[in-house]
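Enquirer: Dropping a structure here in structure tokens format, bear with me for questions.
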Amino acid sequence: MEWEVVIGLETHTQLQTNTKIFSGAAIKYGAEPNTQACEVSLALPGVLPVLNKQAVHCAIKFGLAINAEIAPRSVFARKNYFYPDLPKGYQISQFELPVVGKGAVTIQVPAQGKHAAYEKVINITRAHLEEDAGKSVHGAVEGMSGIDLNRAGTPLLEIVTEPDMRSAAEAVAYAKKLHELVQWIGICDGNMQEGSFRCDVNVSVRPKGTEKLGTRREIKNLNSFKFMQQAIEYETRWQIETLEDGGKIQQATVLFNPDTGETRAMRSKEEANDYRYFPDPDLLPLIITDADKARVSADMPELPEAMKARLEAQYALSSYDASSLTTSRDLADYFVAAVQAGAEPKQTANWVMGSVSAKLNSEDKDINASPISAQQLAQLLKRIADGTISNNAAKQVFEAMWANEGDVDSIIAAKGLKQESDSGAIETIIDEVLAANGAMVEEFKAGKEKAFNALVGQAMKASKGKANPAQVNEILKKKLNA
Amino acid sequence: MTNIDLTNASLKQFGEMLQSKKISSTELTETFLARIKQYNPNINAYIALDESKTLAQAKAADALIASGNIAPLTGIPIAQKDIFCAKGWQTTCGSKMLANFIAPYDAHVISQFDAVGAVNLGKTNMDEFAMGSSNETSYFGAVKNPWSFDRVPGGSSGGSAAAVAARLCAAATGTDTGGSIRQPASLCGLTGLKPTYGVVSRFGMIAFASSLDQAGPMAKNAEDCALMMNVMAGFDERDSTSLNREKENYTRDLNKPLHGLKIGLPKEFFAEGLDADVGKVIETAIAEYKKLGAQIVEVSLPNTGLSIPVYYVLAPAEASSNLSRYDGVRYGHRTAEYTDLMDMYCKSRAEGFGAEVKRRILIGTYVLSAGYYDAYYLKAQQIRRLIAQDFVEAFKQCDVIMGPAAPSTAFKAGEKVDDPVAMYLQDIYTISTNLAGLPGMSVPAGFAQSDDGKSLPVGLQIIGNYFDEARMLNVAHQYQKVTDWHTQAPNLNMPEGTA
């Protein structure tokens, strides 16, 4: 039987606010335990939550970015359960009425083996605001568990998709797209190591061609795309094998172990909590007016799709180039800065997506960490355009610039890569070449076109590669046809 | 020390004495502390006293007075219900769970009194987590009614009520979730006001049922309550349900005549369940209002009978969640020995909470559970809106609503402890205003004779429309100008054997 995997994601994105979602406590990562925990974070008797408007601003921004319905009235609810790192014994979240309703994002799934790259729309079910819990710290004190409430009350936007993905590749493409988007609009720093962007993945399988969803298992807290890919692939295989062996899938929460590459059940549905959600009486319903949305809209950067369209129109880029350049705002900004510094757009796009991206990837660096600035890249490309260096020479200059060996012109000079564009000097070389290769000249005159290329090659060789090939072509043609 | 009888003066009179320097705040405070020492061991109105803190505040108040920097309550000793966090004070909420808890911050109400230089005389006893109508659920022992030591003072603000009645403070704060200011005010013969929900900030007030809890004053008379309200009320951004309104002067209307006032009498408040003697006292009070020029109209609050069942779904639901933070992890009671986390939770909460609190946590957890939520919690919320609508209709016909504050006078200690439903019925006339968010007050209106021949106070309830506190205080004050029920104090030196 052929199986189909069905995947949905729940992503917790930590919002970039100055303070916690329901109190004025700071949210600096990595501070001494419990130094970012005020009375509200500690859930002392008598304290009350007050909603952080910045967090709401972030949620509206996200809603606008995915073209979603933004609820004019949404409600904070209490999710009740006991856990040592949950100081109130309940988490303030949103349940029946979330702030962001249905929306969608378009993903680009890269080519894989014989499968070509393709686009797909992933539907977003909802996104809601909630507070993060603290952390249990084991081993800090001998034989005891410690509680660090620095993270308690950190604002999160939980983004939930429909079960729209059909492969690990699609799930990862969605997660990457979302990761870029929340950074693009400036609501999340995207730092996965620090837990600012964490994914829970719901996986089920069903016989291909059937409608009914299989029983799902939820892989919790994946904080790298690599692990996500591995976890989904393992989980999918495990579920298919279990079913093919005549077993049944129990609804469960599972954890991925990166060391073994396996997923393992954490708790089953039977042990699951009844969270007893009810509207939090300490907080008023969240009312969002059209004026609020307009205010946020004014603060919204150009979105990836709009920017893609603009790059195509303004710089005559292909859809593919424009799409690749807008996978991240920093990359797109780099491109635009280079063009504004005088580089030719198509050539810039080729270099940014070619040499620059390849270098960054191989060194696992972000475009912001590129040793070659957009302005420096433009300088390099201008030297190709004005004939100072050849394309091949430019590659050498690029490597040297990457290694911080100096600016474009000094590297060209130091390495002697300047092209010969003095037509007098080139004529002298060509005259010598023509004199020394009489046989080839005869062949050309007899109609053998190939001989022309051979003569160009001889001329380039004689100039040690520094002659401007276009000029060599032009002068040679003139002399042969004279 | 002066020879003036300090114990029966009003807040206004205390203020005049302090400002004219007839007496210092320190002297006044010491007088009350001495009285507390003498009578409190028997009445048990206070959970926490801290003479050094209290006297330091009195001294600071004397300095303020000397510098001429005075507000009406500067230097006056006020008792604070032990539900308010006060920095450095033991703050227990009447529970073993918090018996060892020293608050590291001030509730809004506490800082408001501090800001005007009032003196915190001590923390008053209360039903555990404000759950009770007799002050018998306190971990720190029952409070005795100063009018009859074998009877309850009402609850949950029973310590504050007994302290005011026994003149163990100049005035006190209370909180009212279903009647916890008005019922004890009625049973102890004092004036108590539960303001409109959202008028007094709940920040630092330990939560019982967040959508119903509201703090208010408990004092000898309406004018005192107005002066207390001027300190307690006001917007506080730390409470999202605090209403952002302009600051009011609650004494502004005290002396307005009542001519033409329309008083609505809900027929449901004078039906079965009301003690006949209490009913008579209320009728006499209404007759007094007629003499003052008021008109009487009959109104109906048809859903009154549903208020208790609705309340005992909603309040426990919120409480079950509000009390989850008492888990033994960060503060409060933790059991001495446990095998694992679950054992620690279970034992700590089993030991830290009393029977009534556990009962309500169980009810609340049940009504919020999957499969029951719609039938209980959601349905109760719908009826809550109907109850509020009843009042909207009634207030189309009248300016204020009057009736009894409690169905009976103070009952005997122990009488209802084993019958929770009988206990819950104590709040039959007060709960609906909490559900509607309306202001209500209880005003001393006379006495009824008990079977054993005791004279026990009866409270008249005045319910106003939203934000009509100033008018209600006016209505009470005008009555108190022509009656003297509010000036009567119990004789604390009862013969042997009656205590």
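Enquirer: In segment B:377-395, which residues are buried (at least 16 other Cβ atoms within 10 Å of the Cβ) and either within 14 Å of chain A (Cβ to nearest Cβ) or part of a helix (DSSP H, G or I) (or both)?
Expert: Applying the first criterion (buried (at least 16 other Cβ atoms within 10 Å of the Cβ)) to segment B:377-395 yields B:377, B:380-381, B:383-384, B:387-388, B:390-391, B:394-395.
Within segment B:377-395, B:Y377, B:A380, B:Q381, B:I383, B:R384, B:I387, B:A388, B:D390, B:F391, B:A394 qualify.
Enquirer: Please work out which residue is farthest from B:C169 (Cα to Cα), limiting yourself to segment B:67-82 and to residues that are among the hydrophobic types (A, V, I, L, M, F, W, C) and either assigned to a strand (DSSP E or B) or touching a Ser or Thr at 6+ places or on another chain (Cβ under 9 Å) (or both).
Expert: Per the criteria, the residue is B:I76.
Enquirer: Sticking with this one: Restricting attention to segment B:321-370, which residues are aliphatic (A, V, I, L, M), facing another protein chain (nearest Cβ under 9 Å) and in contact (Cβ under 8 Å) with a residue 60 or more places away in the chain?
Expert: B:L323
Enquirer: Is segment B:118-128 home to any residue that is touching a helix residue (DSSP H, G or I) at 6+ places or on another chain (Cβ under 8 Å) and among the small types (G, A, S)?
Expert: yes
Enquirer: Another question, then. Going through B:L265, B:L254 one at a time, which residue ends up being at pLDDT 95 or above, in a loop (DSSP other than H, G, I, E, B), touching a helix residue (DSSP H, G or I) at 6+ places or on another chain (Cβ under 8 Å) and farther than 30 Å from B:G453 by Cβ?
Expert: Being at pLDDT 95 or above, in a loop (DSSP other than H, G, I, E, B), touching a helix residue (DSSP H, G or I) at 6+ places or on another chain (Cβ under 8 Å) and farther than 30 Å from B:G453 by Cβ holds for just one of B:L265, B:L254, which is B:L254.
Enquirer: Taking into account only those residues within segment A:21-59 that are away from chain B (no Cβ under 12 Å) and in contact with a Pro (Cβ under 7 Å, 6 or more places away or on another chain), which is nearest to A:I147 (Cα to Cα)?
Expert: Step by step, filter segment A:21-59, then rank; the result is A:I21.
Enquirer: Another question, if that's okay. Scan segment A:138-176 for residues that are within 14 Å of chain B (Cβ to nearest Cβ) and among the small types (G, A, S) and jot them down.
Expert: Result: A:G143, A:S145, A:G146, A:A152, A:G153.
Enquirer: Could you list all residues from segment B:29-52 that are charged (D, E, K, R) and either touching a strand residue (DSSP E or B) at 6+ places or on another chain (Cβ under 7 Å) or not in a helix (DSSP H, G or I) (or both)? Before the answer, list the steps.
Expert: Applying the first criterion (charged (D, E, K, R)) to segment B:29-52 yields B:30, B:35, B:37, B:50-51.
The one that is charged (D, E, K, R) and either touching a strand residue (DSSP E or B) at 6+ places or on another chain (Cβ under 7 Å) or not in a helix (DSSP H, G or I) (or both): B:D50.
Enquirer: Need a quick list: strands (runs of 3 or more DSSP E) entirely within segment A:124-178 having at least 1 residues that are crowded, with 23+ Cβ neighbours inside 10 Å and either without any contact (Cβ under 8 Å) to a residue 24 or more places away in the chain or touching a helix residue (DSSP H, G or I) at 6+ places or on another chain (Cβ under 6 Å) (or both). Don't jump to the end; show me each part of the working.
Expert: Values: elements: A:135-141, A:144-148, A:155-161.
In segment A:124-178, A:155-161 are the strands (runs of 3 or more DSSP E) which contain 1 or more residues that are crowded, with 23+ Cβ neighbours inside 10 Å and either without any contact (Cβ under 8 Å) to a residue 24 or more places away in the chain or touching a helix residue (DSSP H, G or I) at 6+ places or on another chain (Cβ under 6 Å) (or both).
Enquirer: Taking into account only those residues within segment A:207-254 that are among the polar types (S, T, N, Q) and touching a Gly at 6+ places or on another chain (Cβ under 7 Å), which is nearest to A:M192 (Cα to Cα)? Before the answer, list the steps.
Expert: First, the residues of segment A:207-254 that are among the polar types (S, T, N, Q): A:210, A:215, A:221, A:223-224, A:229-230, A:236, A:239, A:242, A:250-251, A:253.
Still in the list and also touching a Gly at 6+ places or on another chain (Cβ under 7 Å): A:223, A:230.
Working: A:N223: 5, A:Q230: 17 Å.
Here the answer is A:N223.
Enquirer: So which residues in segment A:298-355 are closer than 20 Å to A:F398 by Cα and of a type in the set (S, T, Y)?
Expert: A:Y334, A:T348, A:S355 - these are the residues of segment A:298-355 that are closer than 20 Å to A:F398 by Cα and of a type in the set (S, T, Y).
Enquirer: Can you give me the ranges of the helices (runs of 4 or more DSSP H) entirely in segment A:275-335 with at least 1 residues that are of a type in the set (S, T, Y) and touching a Pro at 6+ places or on another chain (Cβ under 9 Å)? Break it down stepwise before answering.
Expert: Details: elements: A:290-298, A:304-315, A:319-325.
Fully inside segment A:275-335 and qualifying: A:304-315, A:319-325.
Enquirer: Could you list all residues from segment A:60-84 that are assigned to a loop (DSSP other than H, G, I, E, B), surrounded by 18 or more Cβ atoms within 10 Å (Cβ to Cβ) and at the interface with another protein chain (Cβ under 10 Å from one of its Cβ atoms)?
Expert: A:P84
Enquirer: Taking segment B:64-112 on its own, how many of its residues are within 13 Å of another protein chain (Cβ to nearest Cβ), touching a helix residue (DSSP H, G or I) at 6+ places or on another chain (Cβ under 7 Å) and of a type in the set (K, R)?
Expert: Adding up the residues that qualify gives 1.
Enquirer: Can you tell me which of (1) closer than 12 Å to A:E420 by Cβ; (2) in contact with a Leu (Cβ under 7 Å, 6 or more places away or on another chain); (3) among the aliphatic types (A, V, I, L, M) is the one A:A467 doesn't meet?
Expert: Failing condition for A:A467: (2).
Enquirer: Does segment B:53-76 include one or more residues that are charged (D, E, K, R), over 30 Å from B:A207 (Cβ atoms) and modelled with pLDDT of 95 or more?
Expert: Looking for residues that are charged (D, E, K, R), over 30 Å from B:A207 (Cβ atoms) and modelled with pLDDT of 95 or more, one finds at least one in segment B:53-76, hence yes.
Enquirer: Applying the selection to segment A:98-123, what residues are surrounded by fewer than 21 Cβ atoms within 10 Å (Cβ to Cβ), in a loop (DSSP other than H, G, I, E, B) and in contact (Cβ under 8 Å) with a residue 60 or more places away in the chain?
Expert: A:P110 - this is the single residue of segment A:98-123 that is surrounded by fewer than 21 Cβ atoms within 10 Å (Cβ to Cβ), in a loop (DSSP other than H, G, I, E, B) and in contact (Cβ under 8 Å) with a residue 60 or more places away in the chain.
Enquirer: Can you tell me which of (1) more than 9 Å from chain A (Cβ to nearest Cβ); (2) crowded, with 20+ Cβ neighbours inside 10 Å is the one B:E318 doesn't meet?
Expert: (1)
Enquirer: Okay, moving on. Of all residues in segment B:83-95, which are within 13 Å of B:D127 (Cβ to Cβ) and touching a Phe, Trp or Tyr at 6+ places or on another chain (Cβ under 7 Å)?
Expert: Keep residues of segment B:83-95 that are within 13 Å of B:D127 (Cβ to Cβ), which gives B:83, B:92-95.
The answer is B:T92, B:C93, B:G94, B:S95.
Enquirer: Any idea which residue in segment A:356-369 is nearest to A:A394 (Cα to Cα), counting only those that are free of Cβ contacts under 8 Å to residues at least 40 places away in the same chain, of a type outside the set (S, T, Y) and in a helix (DSSP H, G or I)? Before you say what the answer is, go through the steps one by one.
Expert: Start the filter on segment A:356-369 by keeping residues that are free of Cβ contacts under 8 Å to residues at least 40 places away in the same chain, which leaves A:356-358, A:360-369.
Still in the running and of a type outside the set (S, T, Y): A:356, A:358, A:360-361, A:363-369.
Remaining after also requiring in a helix (DSSP H, G or I): A:356, A:358, A:360-361, A:367-369.
Numbers: A:V356: 13, A:A358: 16, A:L360: 18, A:N361: 20, A:I367: 20, A:N368: 22, A:A369: 21 Å.
Looking at the filtered set, the residue picked out is A:V356.
Enquirer: Only one of these is part of a helix (DSSP H, G or I) and in contact with a Gly (Cβ under 6 Å, 6 or more places away or on another chain): A:K478, A:K382, A:K461. Name it. Steps first, answer last, please.
Expert: On the way: A:K478 fails: in contact with a Gly (Cβ under 6 Å, 6 or more places away or on another chain); A:K461 fails: in contact with a Gly (Cβ under 6 Å, 6 or more places away or on another chain).
Answer to the check: A:K382.
Let's see how each residue does on (1) part of a loop (DSSP other than H, G, I, E, B); (2) surrounded by fewer than 24 Cβ atoms within 10 Å (Cβ to Cβ); (3) among the hydroxyl-bearing types (S, T, Y):
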site: B:T137; (1), (2), (3): yes, no, yes
site: B:F140; (1), (2), (3): yes, yes, no
site: B:G154; (1), (2), (3): yes, no, no
site: B:A161; (1), (2), (3): no, no, no
site: B:V164; (1), (2), (3): no, no, no
site: B:G174; (1), (2), (3): no, no, no
site: B:M218; (1), (2), (3): no, no, no
site: B:N230; (1), (2), (3): no, yes, no
site: B:R238; (1), (2), (3): yes, yes, no
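Enquirer: So which residues in segment A:30-59 are in a helix (DSSP H, G or I), surrounded by fewer than 23 Cβ atoms within 10 Å (Cβ to Cβ) and not charged (D, E, K, R), if there are any at all? Steps first, please.
Expert: Of segment A:30-59, the ones in a helix (DSSP H, G or I) are A:53-59.
Still in the list and also surrounded by fewer than 23 Cβ atoms within 10 Å (Cβ to Cβ): A:53-54, A:56-57.
Residues satisfying the conditions are A:Q54, A:V56, A:H57.
Here's the yes/no breakdown for (1) of a type in the set (S, T, Y); (2) surrounded by fewer than 17 Cβ atoms within 10 Å (Cβ to Cβ); (3) part of a helix (DSSP H, G or I); (4) over 20 Å from the mean Cα position of the chain (by Cα):
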{"residue": "B:Y429", "(1), (2), (3), (4)": "yes, no, no, no"}
{"residue": "B:L435", "(1), (2), (3), (4)": "no, no, yes, no"}
{"residue": "B:A448", "(1), (2), (3), (4)": "no, no, no, yes"}
{"residue": "B:L456", "(1), (2), (3), (4)": "no, no, no, no"}
{"residue": "B:Q461", "(1), (2), (3), (4)": "no, no, no, no"}
{"residue": "B:A476", "(1), (2), (3), (4)": "no, no, yes, no"}
{"residue": "B:K481", "(1), (2), (3), (4)": "no, yes, yes, yes"}
{"residue": "B:H486", "(1), (2), (3), (4)": "no, no, yes, no"}
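Enquirer: Continuing with this model, one more query. Pull up segment B:52-107, narrow it to residues that are at positive phi and in contact (Cβ under 8 Å) with a residue 12 or more places away in the chain, then point me to the one that is surrounded by the fewest Cβ atoms within 10 Å (Cβ to Cβ). Can you show your working first?
Expert: Taking segment B:52-107 first, the residues at positive phi are B:68, B:75, B:88, B:93-94.
Okay, now just the ones that are also in contact (Cβ under 8 Å) with a residue 12 or more places away in the chain, so B:75, B:88, B:93-94.
Numbers: B:G75: 32, B:G88: 12, B:C93: 33, B:G94: 35.
Across segment B:52-107, the extreme among qualifying residues is B:G88.
Enquirer: Filter segment A:365-378 down to residues that are surrounded by fewer than 20 Cβ atoms within 10 Å (Cβ to Cβ) and out of contact with any Ser or Thr (no Cβ under 8 Å at 6 or more places or on another chain), then give me how many there are. Show your work before the answer.
Expert: Filtering segment A:365-378 for residues surrounded by fewer than 20 Cβ atoms within 10 Å (Cβ to Cβ) gives A:365-369, A:371, A:373, A:375-376.
Cutting the leftovers down to out of contact with any Ser or Thr (no Cβ under 8 Å at 6 or more places or on another chain) gives us A:365-366, A:368-369, A:371, A:373, A:375-376.
Counting residues in segment A:365-378 that are surrounded by fewer than 20 Cβ atoms within 10 Å (Cβ to Cβ) and out of contact with any Ser or Thr (no Cβ under 8 Å at 6 or more places or on another chain) gives 8.
The values are calculated or read from the model by the stated rules, or taken from the named source; none is laboratory data. It should be emphasised that the depicted structure is a prediction, and the values quoted were computed from it without experimental measurement. All Cβ positions, glycine included, derive from the backbone under ideal geometry; neighbour counts span all protein chains shown.
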